[in-house]
Amino acid sequence: MTLGESTGYDYSRLQNPTRQRLEETVASLEGGIDALAFSSGMAAITALMEIFKPGDHIISDMDLYGGVIRLFDNISEKNSIEFSHIDCSKENIEDYIKENTKAIYVETPTNPMMNVVDIKKTSEIAKKHKLLLIVDNTFLTPYFQQPFKLGADIVVHSGTKFLGGHNDTLAGFIVVNSKELSEKMRFIIKTVGSGLAPFDSWLILRGIKTLHLRMEQAQKNAKAIVDFLLKESKVKKVYYPGIEGTTGYEICKKQARGFGSMITFEVESKELALHILKSLKLIPFAESLGGTETLLTYPATQTHADVPEEVRIKNGITDRVLRLSAGIEDSQDLIADLKQAINSFTEA
Ligand SMILES: Cc1ncc(COP(=O)(O)O)c(C=O)c1O
């Protein structure tokens, strides 16, 4: 090779063949024109914030993964990006749009309260006011939901979760559907240097090969667990978009092909919640989600520990709330484990 020639892979921070293959796969699954793979979901969202400048305003849902709230409230705000945290599933978003508003940021369903945001309706507001609609599609993945088809401009993923699917690596994605956003994000990824390493890219590619099988089985398990939880007298509330008659159900049914495998539920006391966490024998008490194994999380002190207490409680994340990510095991084993954990509780 001589000066001015290139294989297209001059330096791994810019691109490497395995990451490129993964990015092409994720772009095609989401129906975007480009996808960029980052070293984690948080690395992806942090890099995405670089398309904004000081003085810009973003309307963000108030129920988001706690790490994203920590990023927005501490780092992005320090960089003079302003946020309005609202309930995008219920409130009138237009009431919060200002002259400097540049984007709307949502997860749907939200982590952990499983609120469903109407993507099409929100995208119409975004288009009317020339805002970017950013949708975190981690919970449903493109297998069940494709936000671009509903008008989103940017799709975000924690690839650590369902895309990777085995709880053995971290990854994140920013998927775009315009050349302008693709060029901006390509400049950012090569500059900030948080692109995904080749080996992790290979692990996520391998995980994606079974995405359809895992999503179906995990959803089947989730539905069986929801049916069980709804009948348990010590379980006071179950949050799952697939429950008919709930506010999110109709919207989720309209905009997605499935309801996914994330369930949040509230039990009658904090003591019972803590008892369940320590009594489970098959289901690990652990922080992640979207893997082959079912995991149970305590959002108040894990995923949402850094969210100010009053915001956490306002969003419904009390100390009686547990979040379950259904895996692909036998549902009867999972239900038996939950049953023994709940039923072995005796009040002090
Ligand atoms: C919905 C959602 N988005 C983003 C993230 C951040 O991803 P990561 O843990 O890969 O940095 C998470 C992590 O739990 C998440 O649940």
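Read-outs throughout are calculated quantities, based only on the coordinates presented, and are distinct from any laboratory measurement. Everything numeric in this text was worked out from a predicted model, so none of it was measured. Note that we place each Cβ from the backbone using ideal geometry, even for glycine, and neighbour counts take in every protein chain shown.
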Notebook entry, point to check: So what's the angle, to the nearest 10 degrees on a 0 to 90 scale, between helix 198-208 and the longest Cα principal axis of the chain?
Noted result: 50
Notebook entry, point to check: So how tilted is helix 270-279 from the main axis of the chain? Cα-based, degrees 0 to 90, rounded to 10.
Noted result: 80
Margin query: Whole percent per 5 Å bin, from 0 to the bin with the longest distance: what is P(r) over all C-alpha pairs of region 75-160?
Written below: 3, 14, 25, 25, 19, 11, 3, 0
Note to self: Using the Karplus curve 6.51 cos²θ - 1.76 cosθ + 1.60 with θ = phi - 60°, what ³J(HN,Hα) values do you get for each residue of region 42-57, in whole Hz, with x for Gly and Pro?
What the structure shows: 5, 4, 5, 5, 4, 5, 4, 4, 6, 7, 9, 10, x, x, 6, 10
Notebook entry, point to check: Using a Gaussian network model of the chain with C-alpha springs under 10 Å, which one of His85, His212, His157 is most mobile by mean-square fluctuation?
Noted result: His212
Notebook entry, point to check: In µm²/s, what is D for region 211-343 at 20 °C and 1.002 mPa s, where D = kT/(6 pi eta Rh) by Stokes-Einstein and Rh is the Kirkwood radius from Cα pairs?
Noted result: 142
Item checked: Value of relative contact order over region 211-343, rounded to a whole percent, pairs C-alpha under 8 Å and six or more apart -> 31
Margin query: Could you check the spin-label model distance between Gln332 and Glu24? Points 7 Å from the Cα along Cα→Cβ, value in nm.
Written below: 4.5
Next item on the list: Pick out which of Gly327, Gly316, Gly245 has the largest mean-square fluctuation in a Gaussian network model of the chain, springs linking Cα atoms closer than 10 Å.
Entry: Gly245
Checklist line | Proxy reagent accessibility, fewest Cβ within 10 Å first, across Asp63, Asp95 | finding: Asp95, Asp63
Checklist line | Environment charge at Ile283 (Cβ cut-off 10 Å; Lys +1, Arg +1, Asp -1, Glu -1) | finding: -3
Check: Of Leu213, Leu203, Leu170, which is the most mobile in a GNM of the chain whose springs link Cα atoms less than 10 angstrom apart?
Finding: Leu213
Check: So which aspartates and glutamates can Lys234 reach, going by Cα to Cα under 16 Å and dropping same-chain residues fewer than 8 places off?
Finding: Glu266, Glu268, Glu271, Asp319, Asp337, Glu347
Margin query: Using 20 Å as the Cα-Cα cut-off, could you pick out the over-long pairs in Lys161/Lys278; Lys149/Lys190; Lys102/Lys254; Lys128/Lys149; Lys53/Lys130; Lys223/Lys254?
Written below: Lys161/Lys278; Lys149/Lys190; Lys102/Lys254
Check: Hey, what did the chain get for relative contact order, percent, Cα under 8 Å, at least 6 apart?
Finding: 19
Notebook entry, point to check: What order do you get for Tyr240, Tyr249 when you list them from fewest to most C-beta neighbours inside 10 Å?
Noted result: Tyr249, Tyr240
Note to self: For the chain, take the longest principal axis of its alpha carbons; what is the angle in degrees between that and the long axis of helix 17-30, to the nearest 10 within 0 to 90?
What the structure shows: 60
Margin query: If Rh is defined by the Kirkwood formula over all Cα pairs and Rg also comes from Cα, what ratio Rg/Rh do you get for the chain?
Written below: 0.98
